[in-house]
1. Out of everything in the stretch C:151-194 that is facing chain B (nearest Cβ under 10 Å) and under 24 Å from C:Leu31 (Cβ atoms), what residue ends up being surrounded by the most Cβ atoms within 10 Å (Cβ to Cβ)?
2. Taking the condition of being crowded, with 16+ Cβ neighbours inside 10 Å, hydrophobic (A, V, I, L, M, F, W, C) and not in a strand (DSSP E or B), how many residues in the stretch B:125-139 meet it?
3. Would you please list the contacts, defined by Cβ atoms under 7 Å and residues six or more apart or on different chains, that run from a residue in the stretch A:63-77 that is under 19 Å from A:Phe101 (Cβ atoms) and touching a residue at least 24 places away in the same chain (Cβ under 8 Å) to a residue that is surrounded by 12 or more Cβ atoms within 10 Å (Cβ to Cβ) and of a type in the set (Phe, Trp, Tyr)?
4. Take the residues in the stretch A:84-93 that are more than 13 Å from C:Val62 (Cα to Cα) and in contact (Cβ under 8 Å) with a residue 12 or more places away in the chain; name whichever of them is surrounded by the fewest Cβ atoms within 10 Å (Cβ to Cβ).
5. Is there a residue being hydrophobic (A, V, I, L, M, F, W, C), touching a Leu at 6+ places or on another chain (Cβ under 8 Å), closer than 22 Å to C:Asp138 by Cβ and surrounded by fewer than 19 Cβ atoms within 10 Å (Cβ to Cβ) anywhere in the stretch B:11-21?
6. Taking the stretch A:95-122, which residues are more than 25 Å from C:Met47 (Cβ to Cβ) and outside any loop (DSSP other than H, G, I, E, B)?
Amino acid sequence: MTVSVLVVDDSPIARKMLRKALPVDWDITVQEACNGEEAMTHYRAGKVDVMFLDLTMPTMDGFEVLAALQKEDLNCFVIVVSADVQPQARERALGLGAIAFVAKPVNAESVRTVLREYGVLV
Amino acid sequence: MDENTDLKLLGFIVERLEVGILAIDPQFRVVLWNRFMETHSGRDLDSMRGQCLFESFPELPERWLRRKIESVFELGNYSFTSWEQRPYLFRFQHNRPITGGVDAMRQNCTFLPLRDASGVVRLVVLTLSDYTDTALIQQKLTAAMAVSDEERRKQRALLRRLQDAKAQLFQSEKLASIGQLAAGVAHEINNPVGFVTSNLGSLERYLIDLTTLIESYASHADQLPPAAAEAVRRQREKLDYDFIREDLGALIRESREGLDHIRRIILDLKDFTRVDQSGWQLADLEKAFDSTLNVVWNELKYKATIVKDYRHPPQVECIPGQINQVLMNLLVNAGHALGEKGEITLRTGPDPSEVTGAVAEVWVEVEDDGCGISVEHQKRIFDPFFTTKPVGQGTGLGLSVSYNIIRRHGGRIDVRSTVGVGTCFRLTLPVQRSEVADAVSESPDLAAEVTPEELLALEGPDGA
Amino acid sequence: MSTAGASPAPAGFAAAGSAAPASATTAPANLSEDQTAALQEIANIGMGQAGDSIARIWKQFVALSVPRIALVESGRIPTLIHHFVGDARVSAARQAFHGAMRGEVLVVIGRGNRDQLGELMGYDGQLDLGEEQEMLLDIANVLGGACIGGIARQLGADVGFSAPSLIGTDLDSHAVVRPEELCVSTALCVEVCFTIESNQLSAHLIALMPREELVNLAQLLDRFLCNL
């Protein structure tokens, strides 16, 4: 089954880096959003299975997206991708329902490990 | 060079460099300790190897230094200390056993992280450079700068004083030249006034003669033919001869009074400026009061009632021209203090009959019932340029010039004043010129060294 | 996407979070749009690592701002610093970095509870002036090393640091940099702000690189972009 992936980050470079870190053997379609609002629009359209979510963004940051998703049943896997790697940020993200927390800069290995851990990827 | 030679060379450099080099592991145990450290600490590498740094050197600031080294292990970044904030880490003797100047070697330290192949920091290398010489130079520089700052401050103060003195000099020169000008003018006026007075005398005599002649004609008028007699009578009526004859006397009298007044003013001006007799001489201060009063009368006559309370003290030895300047200043100030209308009292003393023995000091007072001077301003009125008058009305130099004149006379000038009640200035002058006065007047430096405030403080607000 | 950042930015300045308009209007002459975007993301990541480092050594949670990047004329640097820091009295230190990237880091620290921070850094009791200065230099060193070091690591560049030096304690924020002291006409400015929330201490880090140095930086960024 083709998995629908949404990459949410305000930085085009960061989106590019993340797409490059995604496993090549993974059957996916990838969409991009550059802020929280766009991400929610994609989610509400019902086309997101896995969301890679940045925390600091200008309009509607990652924490706000997580809170909104929780209200709307959180029907997707959210993996937070963040430059702020302090334990507090990690705990807060996981507390709001993210399944995993990946530190920037991302690399293929860390993304694969996380996906395997949660059974998204076999 | 092969690798072995390279290593030997590096080892030699580390060992012999005139910089302290030591390395410690994450447990703060010494791994490396070069000759500089051996020499200055008195402990060799063998006795230090494997030892905890803080156990070997309990004088090190352990809590802070542990944090600092831990952060180098943790972050892998360089870290530093500077002698300016932290004079030294290790208390070593400095390299100036003879010329000294500091208590211990000043040190700049660098903490270098040493990573292994995987990027983990395994050792922290501490280098320690001797900055004692720099610190000493800095110390000297700081001291020299403090000295030069102090000198600059003194120069500024001197310059200020010089400017004040210059302004005072300018003001007294201005007053003196006004006096000279006035005396010159008085002299010039004196001559015409002289011949006008003399001519007026002749004119009066001639007029008496002429009227006598006319009277004698008139007594023979009845002998004229009736037509001629009638013509003369009509002419006499037309010209109002009787009035002319009456008025002539009054005109002459008033003119003579006017001339007398002019002569008195000229005399007072001469007396006031004393251009003819400068220098020290005996003078009657009451006369000085009167002649000065005449000079400034024009300024006072519409608003001031003058009350004189003279007790006829003895004459004093003084430079009358200068004393007159002071009195004029006090009178003008009193006039300004009055506002619309008021009273100025001129007082002299002491009354010789009330003093036993010889009178040593004479005083004069100028008292007004004007606006008064606040306590705060009283401390400053003798400062050059201090003025409460609107801009343009006073230079603020008058009282400070007066102050210096009286000081050069070995005298005092005191003020007592109550706001809304009035002000009284009292000048006290020694009857005989004193040696102190000479010393003060001949040594401007000495005169400048004591400020008016200091003197006021010494003598108290009431002076005498 | 909008340029609206957390605080109003002076003209010619954009938050790193809003890459497109920033590069459209303010991309430095010597840095392309892609290069600027890359630098912003790299600064963002370097910042996060720096924050994490501080959190680990001082055991404090650090709030991080979005990095801001601009090419500025040196005459405007004092105004810019005032804009970042505000009217408060500040302490400041500078540190030079050299190697594949060359420039200076200014660290400007507001008041806040210094004694408490001093305690965390191993000082005893109330800080005297020397200790306060030393602490300021240490903070500048740690922040400068973490941020610039983080950026350099991502770019694969080798960067060294000189010992930090004091600009002053208790300064007016306008007085941190005097225009007459500056020897470059234009500089690339990267600003980030760390706030240690437990003692209301915030530190602004402003990295300045002379425009001439941008050639090297541009090459490093290109290499980074190629590897994407």
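The values are calculated or read from the model by the stated rules, or taken from the named source; none is laboratory data. What you see is a predicted model, and the numbers here were worked out from it, not measured in a lab. For neighbour counting, all protein chains shown are included, and Cβ atoms are generated from backbone atoms with ideal geometry for every residue, glycine included.
1. From the stretch C:151-194, those facing chain B (nearest Cβ under 10 Å) are C:153, C:160-166; that's our starting set.
Subset that is under 24 Å from C:Leu31 (Cβ atoms): C:153, C:160-161.
Working: C:Arg153: 18, C:Gly160: 12, C:Phe161: 21.
Residue satisfying both the conditions and the ranking: C:Phe161.
2. Kept after step one, since they are crowded, with 16+ Cβ neighbours inside 10 Å, are these residues of the stretch B:125-139: B:125-132, B:135-136.
Those left that are additionally hydrophobic (A, V, I, L, M, F, W, C): B:125-126, B:128, B:135-136.
Retained after the next criterion (residues that are not in a strand (DSSP E or B)): B:135-136.
Counting residues in the stretch B:125-139 that are crowded, with 16+ Cβ neighbours inside 10 Å, hydrophobic (A, V, I, L, M, F, W, C) and not in a strand (DSSP E or B) gives 2.
3. Matching pairs, first to second residue: A:Leu69/A:Tyr43; A:Cys76/A:Tyr43; A:Phe77/A:Tyr118.
4. Per the criteria, the residue is A:Arg92.
5. Checking the stretch B:11-21: at least one residue is hydrophobic (A, V, I, L, M, F, W, C), touching a Leu at 6+ places or on another chain (Cβ under 8 Å), closer than 22 Å to C:Asp138 by Cβ and surrounded by fewer than 19 Cβ atoms within 10 Å (Cβ to Cβ).
6. Taking the stretch A:95-122 as the starting set, the residues that turn out to be more than 25 Å from C:Met47 (Cβ to Cβ) are A:97, A:99, A:112, A:115-122.
Those that are more than 25 Å from C:Met47 (Cβ to Cβ) and outside any loop (DSSP other than H, G, I, E, B): A:Arg112, A:Leu115, A:Arg116, A:Glu117.
Residue by residue, here is whether (1) in the same structural domain as B:Val296 (by TED's automatic domain parsing); (2) surrounded by 13 or more Cβ atoms within 10 Å (Cβ to Cβ); (3) more than 30 Å from B:Asn324 (Cα to Cα); (4) not hydroxyl-bearing (Ser, Thr, Tyr) holds:
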{"position": "B:Ala183", "(1), (2), (3), (4)": "no, yes, no, yes"}
{"position": "B:Val232", "(1), (2), (3), (4)": "no, yes, yes, yes"}
{"position": "B:Tyr241", "(1), (2), (3), (4)": "no, yes, yes, no"}
{"position": "B:Asp247", "(1), (2), (3), (4)": "no, no, yes, yes"}
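Every residue, every condition in (1) of a type in the set (Gly, Ala, Ser); (2) assigned to a strand (DSSP E or B), yes or no:
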{"position": "B:Gln85", "(1), (2)": "no, no"}
{"position": "B:Arg91", "(1), (2)": "no, no"}
{"position": "B:Asn95", "(1), (2)": "no, no"}
{"position": "B:Gly101", "(1), (2)": "yes, no"}
{"position": "B:Ala104", "(1), (2)": "yes, no"}
{"position": "B:Leu112", "(1), (2)": "no, yes"}
{"position": "B:Ser118", "(1), (2)": "yes, no"}
{"position": "B:Leu123", "(1), (2)": "no, yes"}
